[in-house]
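A.B. asks: Would you mind keeping the following structure in view while I ask a few things?
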Amino acid sequence: MTLKLNLQDTFNKELPADPILQNTRRQVRNACFSYVAPKKPSNPSLIHVSPEMVEAIGLKEASESQEFRNIFSGSSILPNSNPYAMCYGGHQFGNWAGQLGDGRAINLAEVEHSGQQWALQLKGAGETPYSRTADGLAVLRSSIREYLCSEAMFHLGVPTTRALSLMLSGDQVLRDVMYDGNPAHEKGAIVCRVAPSFIRFGNFEILAAQEDKATLTALVDHTIKHHYSHLGKPSKGTYLKFFKEVAVRSMDMVIHWQRVGFVHGVMNTDNMSILGLTIDYGPYGWLEDYDRGWTPNTTDRTNKRYRYGTQPQIVLWNLLQLANALFPLIEEAALLQDILKEYQQEVDIAYLEMMKSKLGLFEKDKNDKILITELENSLELSETDMTIFFRQLGNFKSDGSQDGLELVSKAFYNEKEIVKEIEAKWKTWFLKYAERLQKELKNDTERSESMNTVNPKYVLRNYMAQLAIDAADEGDYSLLDELFQVLKKPYGEQPQHEKWFAKRPDWARNKVGCSMLSCSS
Ligand code: AMP
Ligand code: MG
């Protein structure tokens, strides 16, 4: 049997290829990608599939087949396909890093199904010309994190790349998790990721850095033709509209992150999708106690460049790098700058609107910004669980007949701290909130229902992913599947899964993999 996929490659057919076919590390010029075959894993086995994505790409029950396993582990190649690794550069932690590229991602093919184009990409399938000093592999731990989180994010309504399958390669991979000179062998794994495209800001940046205007123009035109075709034929005006829409989509993405408490951890420009999708799930984390200064990424511990509170501003900084890359096609800096200025104005409005929705506020009130700032400050007075707080807030009664603090008490990590000044601040805030709710037209039930569509009950808390990883390491995938299923309905009540609507347990507070993650994956 052959997997019946409707292959419609565009990226590797329309854009210039690196002429060298050997799989050797090199600097690539005048090209958007290099052909490269996945490494054959020694003993691949399927751990999990996303049935939705199996269907989305046009396969039915084929996931049970040996062929599915062979293709999506990199054991064999789809007939009539030409796998490749993309060439991109990027700004890492604020500095230009030069050529990076798909160092451990191999694009298998693009498929079309039900009018939707999907690129299929294996992560962890071996070396490519862009692997630099690394091995092109991925460990089970990080693969589970990407697999579970990308699907969970989709169900939360956050723009994201998706995941089709998770396989064990059967090979061992050496990693020094905390970069402290203690490397150990871990199980190797391969995730097949799926997205309309995996093009990043960095794909444009590398061509601009190489002053290769012809290839840069080809890549921009290709991106518009396939992913922004509603903007029209290539022209300076269309390029500007393209940049504007990338800015709007990226803003939309990051505002969703703020809404659900997702911290990406490595917002380098090579990790910014040109489609405004969350991409590259590495040392990401979920805010447990609300703290705008928090980042899960131990590599960023000193400067905390990519902490929760700065994510919307980092998107702007990244957009500035994209603007620089697109400049040769537009040649008028002021036009690009205007779009960046608009982002700056619009992102504050978008953030305010999003926060209002979390509070169930729909009417206009000039004091809402203050009310929200005061809430953010109060949330930081004592460790307070963001997810639980907002979910509980949905049950608040606008007539003030109920004690707000009692309602959200489950969100406090140390209830004993909610005394004196902290308690007084909270009481004042709840009074103001109750007063503000009087101005709303929706009744309590309607407001609660609406809040429950933006304040998730279930998110992939850092320790939950770690528990699934620990079990999977022992060959038990039941928790992985349980979380996969729970996270499909993050806004619904799932009484049988109430245990996942709970604060981070104390053992996970400072545990590696729970609150601290390195880039080692
Ligand atoms: P990241 O910050 O994880 O998005 O990765 C930055 C760059 O390092 C990208 O070019 C990746 O492809 C590359 N990279 C990360 N891990 C590996 C690995 N194990 N082998 C080869 N390249 C890698
Ligand atoms: Mg990356």
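The values are calculated or read from the model by the stated rules, or taken from the named source; none is laboratory data. All values reported here derive from a predicted model rather than from experimental measurement. Here the Cβ positions follow ideal geometry from the backbone for every residue, glycine too, while neighbour counts run over all protein chains shown. Accessible surface is based on the protein model in full, side chains and every heavy atom, while ligands, DNA and RNA are left aside. Shrake-Rupley method; radii C 1.70, N 1.55, O 1.52, S 1.80 Å.
A.B. asks: Have a look at the DSSP beta bridges in the chain and tell me what percent are antiparallel, nearest 5.
C.D. replies: Details: 43 of 47 bridges.
Of all bridge pairs located within the chain, approximately 90 percent are antiparallel.
A.B. asks: Using Cα pairs closer than 8 Å and at least 6 residues apart in sequence, work out the relative contact order for segment 361-441, in percent. Present the calculation step by step, with values, prior to reporting the outcome.
C.D. replies: Details: 62 pairs, mean separation 34.0, N = 81.
So the answer I get is 42 percent.
A.B. asks: Rounded, prolate or oblate: which fits segment 214-313, taking a ≥ b ≥ c as square roots of the Cα gyration tensor eigenvalues, rounded meaning a/c under 1.5, else prolate when a/b beats b/c? Don't skip to the end; give the middle numbers.
C.D. replies: Details: a/c = 3.11, a/b = 2.33, b/c = 1.33.
Prolate, because a/c is 1.5 or more and a/b exceeds b/c.
A.B. asks: Relative contact order for segment 11-198: what is it in percent, counting Cα pairs under 8 Å that are at least 6 residues apart?
C.D. replies: Working: 427 pairs, mean separation 43.8, N = 188.
Relative contact order here is 23 percent.
A.B. asks: At a probe radius of 1.4 Å, what is the per-residue accessible area of Glu449, in Å² to the nearest 10?
C.D. replies: We get 120 Å² for Glu449.
A.B. asks: Another question, then. Kindly sort Glu423, Glu446 by accessible area of their heavy atoms, largest first, with the probe set to 1.4 Å. Each step should come with its number before you reach the end.
C.D. replies: Working: Glu423 60, Glu446 90 Å².
Ranked from most to least accessible, the order is Glu446, Glu423.
A.B. asks: Further question: Classify segment 11-198 from the C-alpha gyration tensor, please: rounded if a/c falls under 1.5, else prolate or oblate depending on whether a/b exceeds b/c.
C.D. replies: Working: a/c = 1.38, a/b = 1.12, b/c = 1.24.
Verdict is rounded for segment 11-198.
A.B. asks: What size of dipole, in debye to the nearest 20, comes out for the chain about its Cα centre when the only charges are +1 on Lys and Arg C-beta atoms and -1 on Asp and Glu C-beta atoms?
C.D. replies: Rounded to the nearest 20 debye, it is 520 debye.
A.B. asks: Could you order Asp18, Asp348, Asp135 so the one with the most accessible surface comes first? Probe is 1.4 Å.
C.D. replies: Highest to lowest solvent-accessible surface, that is Asp348, Asp135, Asp18.
A.B. asks: Using the alpha-carbon centroid of each, what span in Å lies between segment 191-222 and segment 282-297?
C.D. replies: Between the Cα centre of segment 191-222 and that of segment 282-297, the gap is 30 Å.
A.B. asks: Determine the alpha carbon to alpha carbon distance for each of Lys442/Lys489; Lys416/Lys503; Lys123/Lys187 and list only those over 20 Å.
C.D. replies: Values: Lys442/Lys489 25 Å; Lys416/Lys503 16 Å; Lys123/Lys187 14 Å.
Over 20 Å Cα-Cα: Lys442/Lys489.
A.B. asks: So, one more: Mind pulling the angle between the C-alpha long axis of helix 368-379 and the longest principal axis of the chain? Nearest 10 degrees, somewhere in 0 to 90.
C.D. replies: 90
A.B. asks: Let me ask something additional. Using the Kirkwood radius built from alpha carbon pairs, what does the Stokes-Einstein equation give as D for segment 361-441 at 25 °C and 0.890 mPa s, in µm² per second? Walk me through the numbers before you get to the answer.
C.D. replies: On the way: Rh = 13.0 Å.
D, rounded to a whole number, is 189 µm²/s.
A.B. asks: Also: Can you sort Cys519, Cys87 by solvent-accessible area, 1.4 Å probe, largest first? Could the numbers behind the result be given before it?
C.D. replies: On the way: Cys519 45, Cys87 5 Å².
Order by accessible area, largest first: Cys519, Cys87.
A.B. asks: Once neighbouring chains are kept in place and the probe is 1.4 Å, which whole percent of the accessible area of the chain is contributed by carbon and sulfur?
C.D. replies: Values: 10630 of 20840 Å².
In the chain, the share of accessible area belonging to carbon and sulfur is 51 percent.
A.B. asks: Using the heavy atoms of the protein chains and a 1.4 angstrom probe, tell me the accessible area per residue for the chain in square angstrom. Walk me through the numbers before you get to the answer.
C.D. replies: Numbers: 20840 Å² over 521 residues.
Per residue, the chain has an accessible area of 40 Å².
A.B. asks: Could you give the angle, 0 to 90 degrees to the nearest 10, between helix 236-260's Cα long axis and the longest principal axis of the Cα atoms of the chain?
C.D. replies: Long axis of 236-260 versus the principal axis of the chain: about 50 degrees.
A.B. asks: Let me ask something else about it. For segment 170-238, run through the chymotrypsin sites (Phe, Trp or Tyr not before Pro) and keep only the ones in DSSP coil with at most 15 other Cβ atoms within 10 Å of their Cβ.
C.D. replies: Values: sites: Tyr179, Phe198, Phe201, Phe204, Tyr228; in loops: Tyr179, Phe198, Tyr228.
Qualifying residues, ordered by number: Tyr179.
A.B. asks: Considering all projection directions equally, how large on average is the shadow of the alpha-carbon convex hull of segment 401-517, in square nanometres? Each step should come with its number before you reach the end.
C.D. replies: Working: hull surface 38.2 nm².
Taking a quarter of the hull surface, the average projection is 9.5 nm².
A.B. asks: Under 15 Å Cα-Cα from Lys213, which aspartates and glutamates qualify once same-chain neighbours fewer than 8 residues away are excluded?
C.D. replies: Glu205, Asp221, Glu331
A.B. asks: Using just the helices of the chain, give the 222 nm mean residue ellipticity in deg cm²/dmol: DSSP H runs with n ≥ 4 each add -39,500 (n - 2.57), and the total is spread over all residues, rounded to 500.
C.D. replies: Numbers: 16 runs with 202 residues, N = 521.
Value at 222 nm, helices only, nearest 500: -12000 deg cm²/dmol.
A.B. asks: Do you know the relative contact order of the chain, to the nearest whole percent, from alpha carbon pairs under 8 angstrom that are 6+ apart? Walk me through the intermediate numbers first.
C.D. replies: On the way: 992 pairs, mean separation 73.3, N = 521.
That works out to 14 percent.
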